[in-house]
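Colleague: To start, I am sharing the structure in question, which I have written as structure tokens.
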Amino acid sequence: MAKRSILIAPDPRLKAKAKDVEKVDGAVRRLVDDMLETMYGAEGIGLAAVQIGVTQRVIVMDLEQKDGKNNPRVFINPKILWASDETATFQEGCLSVPDIWEDVERPASIRAEYLDRDGKRQELEADGLLADCLQHEMDHLDGVLFIDHISRLKRSIALRKLAKVKRQKETA
Ligand code: NI
């Protein structure tokens, strides 16, 4: 396993549209392992392959890290089958958009299909944080960031803050 570096917005590679994984093979499982190591290393709860510059539809997530125990989830080629009309608002952050937190409204419940780490088709019904996080990560696979869902004014303030954070990181 190897930790990869996470792209920070604004970066044109974060706008890439990822392609479906054709076969869940050893190379894909190695990518998943690298993504998990990268996500845990950055203390994140979710990471999409696009965020490390890999344009494949692969997501890792762990919403239940507790007492040093990991409960990783892997979603390959995820698709939303159904989304509720009812919405929910969560304060979101993103490893590619450091130090920025904003409320985002999304469908409250979803049903999705995906392939697991073994390439087996799975279905999932989700609400709460899992539904929100999966939609946030799936957005990454289409080149969309959570700040694309907020008002123009808030986004321009966020982008200015981000540019400052980026400069500080580069000179640190
Ligand atoms: Ni994100």
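Colleague: If we count every other residue with Cβ under 11 angstrom of Cys133's Cβ, Lys/Arg +1 and Asp/Glu -1, where does the sum land? Don't jump to the answer; show the numbers that get you there.
Modeller: Numbers: positive: Arg73, Arg106; negative: Asp62, Glu92, Asp132, Glu137, Asp139.
Here the count lands on -3.
Colleague: Report ³J(HN,Hα) in whole Hz for each residue of the range 59-75, in order, from the Karplus equation J = 6.51 cos²θ - 1.76 cosθ + 1.60 where θ = phi - 60°; Gly and Pro get x.
Modeller: My calculation for the range 59-75 gives 10, 10, 7, 8, 9, 10, 5, 8, 6, x, 9, 9, 10, x, 10, 10, 10 Hz in order.
Colleague: Could you state how much accessible area Ser156 has, in square angstrom rounded to the nearest 10, with a 1.4 Å probe and all protein chains kept in place?
Modeller: 50 Å²
Colleague: Pairs of alpha-carbon atoms within less than 8 angstrom and 6+ residues apart define the contacts here; what relative contact order does the range 12-171 have, in percent?
Modeller: Working: 269 pairs, mean separation 36.4, N = 160.
That works out to 23 percent.
Colleague: Here's something else I'd like to know. Lys and Arg at +1, Asp and Glu at -1: add these up for the other residues within a Cβ distance under 9 Å of Val104 and post the number. Let's see the in-between values first.
Modeller: Values: positive: Arg106; negative: Glu92, Glu102, Asp103, Glu105, Asp132.
Overall, the nearby charge balance is -4.
Colleague: Going by the alpha-carbon gyration tensor, a ≥ b ≥ c the square roots of its eigenvalues, is the range 1-108 rounded (a/c under 1.5) or, if a/c is not under 1.5, prolate (a/b greater than b/c) versus oblate?
Modeller: Numbers: a/c = 1.32, a/b = 1.22, b/c = 1.09.
It is rounded, given that a/c, with a ≥ b ≥ c, falls under 1.5.
Colleague: If you take every DSSP beta bridge fully contained in the range 12-171, what fraction is antiparallel? Give it as a percent rounded to 5.
Modeller: Working: 27 of 28 bridges.
So the antiparallel bridges amount to about 95 percent of the total.
Colleague: Oh, and also: Whole-Hz ³J(HN,Hα) for each residue in the range 41-46, computed from phi via Karplus 6.51 cos²θ - 1.76 cosθ + 1.60 with θ = phi - 60°, x for glycine and proline: what do you get?
Modeller: Karplus-based 3J(HN,Hα) across the range 41-46 equals x, 9, 6, x, 10, x Hz.
Colleague: Right, here's the next one. Compute the label zone of Ala88 within the range 108-132: residues whose backbone N is under 11 Å from the point 7 Å along Cα-to-Cβ.
Modeller: Inside the label zone: 108-110, 126-132.
Colleague: Show me the trypsin sites (Lys or Arg not before Pro) within the range 3-86 that DSSP assigns to loop and that have at most 10 other Cβ atoms within 10 Å of their Cβ. Let's see the in-between values first.
Modeller: Working: sites: Lys3, Arg4, Arg13, Lys15, Lys17, Lys19, Lys23, Arg29, Arg30, Arg57, Lys66, Lys69, Arg73, Lys79; in loops: Lys3, Arg4, Lys17, Lys23, Arg57.
Qualifying residues, ordered by number: Lys23.
Colleague: Here's a follow-up. List the trypsin sites (Lys or Arg not before Pro) in the range 84-150 that DSSP assigns to loop (not H, G, I, E or B) and whose Cβ has at most 11 other Cβ atoms within 10 Å. Which are they? Mind showing how you got there, number by number?
Modeller: Numbers: sites: Arg111, Arg117, Lys120, Arg121; in loops: Arg117, Lys120.
Here the trypsin sites (Lys or Arg not before Pro) that fit, given the DSSP loop and packing criteria, are Lys120.
Colleague: May I pose another question? If you stretched the chain out fully between Asp118 and Leu81, how much longer would it get, using 0.36 nm times the residue separation minus the C-alpha to C-alpha distance? It would help to have the intermediate numbers written out before the result.
Modeller: Details: separation 37, 0.36 × 37 = 13.32 nm, distance 2.11 nm.
So the extension gain works out to 11.2 nm.
Colleague: The range 49-109: which GluC sites (Glu not before Pro) are DSSP loop and have at most 11 other beta-carbon atoms within 10 angstrom? Show your work: numbers first, answer last.
Modeller: Values: sites: Glu64, Glu86, Glu92, Glu102, Glu105; in loops: Glu64, Glu86.
Passing both the DSSP loop test and the Cβ count: Glu86.
The values are calculated or read from the model by the stated rules, or taken from the named source; none is laboratory data. In this text, all values refer to a predicted model and were calculated from it rather than measured experimentally. Don't worry about glycine lacking a Cβ; one is built from the backbone with ideal geometry, like all the others, and counts go over all protein chains shown. In case anyone asks, the SASA skips ligands and DNA or RNA and just uses the protein heavy atoms, side chains included. Shrake-Rupley method; radii C 1.70, N 1.55, O 1.52, S 1.80 Å.
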